[in-house]
Amino acid sequence: MKALLVMLFPLQFQITSLHDLLNLPFRGLLSTSWYPVFPFELVPVAYASIVNGIGLNLAIGFMLALPAILFNYRLARIPANRSIRRLAAAALVVSGIMVYVAASIAVAILSSSAYYSYEILLNIEAFPTIAVGAFIVLPIIQRQAILIASSENMHSSPPETLQKHPKSGIGREVILATILWASLYFLPYLVVPTYAYYYGGTFEVFSFAYIMDAGYGGNVLAEYYPMFIYGLVVPLFSLPILGILSSLRFVFVRDIYRYLKHEINYRRLLYLGILADIFPVIAFTVMQGVIYPWSTFTYGGFPVPCLVVVGMLVTRLHRSVVPVANQIWKDVEARMWFEKEGKGRGVASVSEQPSHLEDEIITVPLTYMMVSHLRKRRHNDDSRRPNVE
């Protein structure tokens, strides 16, 4: 069921009206048109959706998502404290191989239609980006939330078992992890304004999963498209390049859970979030200078701090790990060495010990302990001294 929902994610779309907005669920891989193979003229309109290649889309979709689905299945059943780096790397590599295989099949089927080959190949290369996010990135973030929200002595159990435990109460943390993943994957982090008077103004909006053009029509397009949004999922093979812009954002999400583990302080996390928002602007400007060195004008952009705002809210709403020292000494009263032991919360004094243990308490004077320590040190020094005959 989850795989079917992922196939409904719009891979490429153009929104100019409310009708286009309502048609977004039909812009996913499941609705990819195979018109050259199944022309609509050969069948009644009522059967057009079936003959339009839904069966072929399902087969290609499951083939592309299979490595990520297997990773998700395996992740839910291994101990939560086991390393998963090699497993995740293998799933990503196999996903790239599956894209090449599916693209080769599509080219063989659609060799006679260049236009439809382009549209279908674009969807085939873009769909694994959504599949990787839903079946690899999201479970990893949820796994970190489960590790923090559950007791440490339960981490040898799989995340699936911890999440279903009746006394775990980690449903809220899993929801917060999902919100954090959606912010990382879909919310914009960079807006680059461009301007063309004849065709209108445009803003290029970057998120990790999507690249969108939003703006208004100029003298030519104003009558037809006064406002428009065009979006495209980043193809899987383009993620290593565009992923540079989002690299610190992934580090920021990782450090959110490090902060909840008390491994870093709040100030460092905040500074990292600010740097993660500024870095895409700097990296984008540098990349433009490298790609177009002859250009005398480089478009500047400005950051959109969506992720850092959501991340800081998550740190406030998410439960944090209670340090072991606080768990052990939370009932011990803090006092200085010269203060007498109180009778409130804290360690019970000798007179407060249970009666059956009073005879077992032995008191050693401090002077005896000091003399014993000095004699032991002198004995050790004598044993280390070489014998001279």
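FYI, it's all coordinate maths here, none of it is from the lab. Remember, predicted model here, so these are calculated numbers, not experimental data. Because the Cβ atoms are built from the backbone with ideal geometry, glycine has one as well, and the counts that use them run over all protein chains shown.
Observations on the model:
- A straight chain from MET154 to PHE186 at 0.36 nm per residue would run longer than the Cα-Cα distance by 8.2 nm.
- Under 13 Å, Cβ to Cβ, from PRO79 - net charge with Lys/Arg +1 and Asp/Glu -1: +2
- Here's how it looks for ALA209: its modeled amide H is under 5 Å from none belonging to a residue 5 or more places away or on a different chain.
- Per-pair calculated FRET efficiency, R0 = 25 Å: GLN14 and LEU275 via Cβ, rounded to 0.05: 0.15
- Contour minus Cα-Cα distance for ASP213 and ARG377 (0.36 nm per residue): 51.3 nm
- Amide H contacts of GLY215 (H built 1.01 Å from N, in plane; Pro and chain starts excluded): PHE203, PHE228 sit under 5 Å, all sequence-distant by 5 or more or on other chains.
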